[in-house]
Amino acid sequence: MWKITKFDIIDSTNTALKQMADAKHGTVLVSSHQTGGRGRMGRSFSSPHGIYLSALLIRQEAPSRLLHLTAMTAVAVRRAILEASGKNTQIKWVNDLLLEGKKLCGILVEGNADRYIVGIGINCNTDLQALPPEVRSMAATLQCDENTLLQALVKHLMIMDAELLSGQKAWMREYAQNCITIGNEVQVISAKARKQALALDVDDSGALLVRYPDGREEAVCSGEVSVRGLYGYI
Ligand code: BTN
């Protein structure tokens, strides 16, 4: 059984779980407020009120076999939101969930040896005015029962964990079916350059397949890809 510990306030559920060296597989920390929420690329993640959850997965497979973990987490969270609130979200590669084009959820997966911390931040009954001005206009919130959503999240994370390898193909198909990035012009942003490309597909490892104007194709698995001109927060 997974073990859920709830907090009213915490620095960061990812950070706290990382510090719990003896924590077992299926340990879940969840808080309705974070003072030091962390996002991808070293950014902070504003967490005034919502569902901020971290789950520990201890997996023995080689990391190269778990590259799709972030993408599968997006599918699990999407399923949970649909079940708990009836809302259909879309996935922006690689790890954001959007509601009507605005960011509803971010995912940060951090791995160290065989320990993977799956961090999920969802705006739920969030006062969007409490978010920093620069993200406010790009953010959406769910209005739903937080406990119902929490139960659905844990249920779908458990299913994901059970099907992480055996269900990879089917889950990644579901990912691609709900990924708004596919078919759009994107910018492939690396430390060195920004290149425009067309997003073609997402492969089974979660890499984004893009085609550049010169016809060259590439599978992008790290760095940042943004959808151009469609969504305000990019
Ligand atoms: C992102 O959008 O950049 C990812 C945001 C991930 C936020 C979640 S909230 C729960 C967990 N604890 C953190 O400090 N971060 C993750």
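Annotations
- Top-ranked residue in region 114-155 [being among the basic types (Lys, Arg) and part of a helix (DSSP H, G or I); ranked as nearest to ALA80 (Cα to Cα)]: LYS155
- Positions within region 82-130 being among the small types (Gly, Ala, Ser) and more than 9 Å from the ligand (Cβ to nearest atom), in sequence order: ALA84, SER85, GLY86, GLY101, GLY111, ALA113, ALA130
- In the set LEU57, LEU29, LEU97, only one residue is in contact with a helix residue (DSSP H, G or I) (Cβ under 8 Å, 6 or more places away or on another chain), modelled with pLDDT of 95 or more, assigned to a strand (DSSP E or B) and closer than 19 Å to ALA140 by Cβ; that residue is LEU97.
- From ALA170, ALA152, residue being without any contact (Cβ under 8 Å) to a residue 60 or more places away in the chain, farther than 25 Å from MET41 by Cα and in the same structural domain as GLY26 (by TED's automatic domain parsing): ALA170
- Qualifying residue in region 52-66 (condition: under 22 Å from CYS179 (Cβ atoms), surrounded by 17 or more Cβ atoms within 10 Å (Cβ to Cβ), more than 14 Å from the ligand (Cβ to nearest atom) and over 13 Å from the mean Cα position of the chain (by Cα)): yes
- The set of residues in region 11-45 being open to solvent by 30 Å² or more (accessible area, probe 1.4 Å) and under 20 Å from ASP96 (Cβ atoms) consists of ARG38, ARG40, MET41, GLY42, ARG43, SER44, PHE45.
The values are calculated or read from the model by the stated rules, or taken from the named source; none is laboratory data. Only a predicted model underlies this, so the values are computations on that prediction, with no experimental measurement involved. No Cβ is skipped: glycine too gets one built from the backbone with ideal geometry, and neighbour counts run over all protein chains shown. These area figures cover heavy atoms from the full protein model, side chains too; ligands, DNA and RNA do not enter into them. Shrake-Rupley method; radii C 1.70, N 1.55, O 1.52, S 1.80 Å.
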